[in-house]
Amino acid sequence: VLVGAGTTVPAWLYAVAIAAAVAGTRVGTRLLDRLADGLFRKVSGWIILAIGGTCVAQGVRMIL
């Protein structure tokens, strides 16, 4: 959103993006510390498959 904006982006939006990045990093680190490696690999594999499937479905839909 920030990169593709044709107009000037308000400063508060940058502050929100920075805060979200910091909060996401902290939450993600704590989550990874508590998650077993095997479970992480299994869950992340399913998430990546879902994202990839969604992208393929959108591409097919745009072609048709």
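The values are calculated or read from the model by the stated rules, or taken from the named source; none is laboratory data. Being a predicted model, the structure only gives us computed values, none of them experimental. Counting neighbours? That spans all protein chains shown, and the Cβs are built from the backbone with ideal geometry, glycine included. We work out accessible area using only protein heavy atoms, side chains counted, and drop any ligands, DNA or RNA first. Shrake-Rupley method; radii C 1.70, N 1.55, O 1.52, S 1.80 Å.
Normalised by the empirical 2.2 N^0.38 Å for globular proteins, what value does the Cα Rg of the chain take? Intermediate results must be reported in sequence, preceding the final value.
Values: Rg = 17.3 Å, N = 64, 2.2 N^0.38 = 10.7 Å.
Relative to the rule-of-thumb radius for its length, the chain sits at 1.62.
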*Please calculate how many Å² of accessible area the chain carries per residue, with a 1.4 Å probe and no DNA, RNA or ligand atoms counted.*
91
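Only helical DSSP H runs with n ≥ 4 go in: add -39500 (n - 2.57) per run for the chain, normalise by residue count and round the 222 nm mean residue ellipticity to 500 deg cm²/dmol.
Numbers: 2 runs with 51 residues, N = 64.
Calculated at 222 nm, the ellipticity per residue is -28500 deg cm²/dmol.
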_Please give the charge dipole size of the chain, origin at the Cα centre, charges +1 on K and R Cβ atoms and -1 on D and E Cβ atoms. Round to the nearest 20 debye._
140
*With a 1.4 Å probe and every protein chain kept in, tell me what percent of the accessible surface of the chain is carbon plus sulfur.*
71
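Roughly speaking, what is the stretch gain from Gln58 to Thr29, that is 0.36 nm per residue apart minus the C-alpha to C-alpha distance, in nm to one decimal? Don't skip to the end; give the middle numbers.
Details: separation 29, 0.36 × 29 = 10.44 nm, distance 3.15 nm.
Difference between extended and current length: 7.3 nm.
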*Put +1 on the Cβ of every Lys and Arg and -1 on every Asp and Glu Cβ in the chain; which of Ala21, Gly52, Ala11 then has its Cα farthest towards the positive end of the dipole?*
Gly52
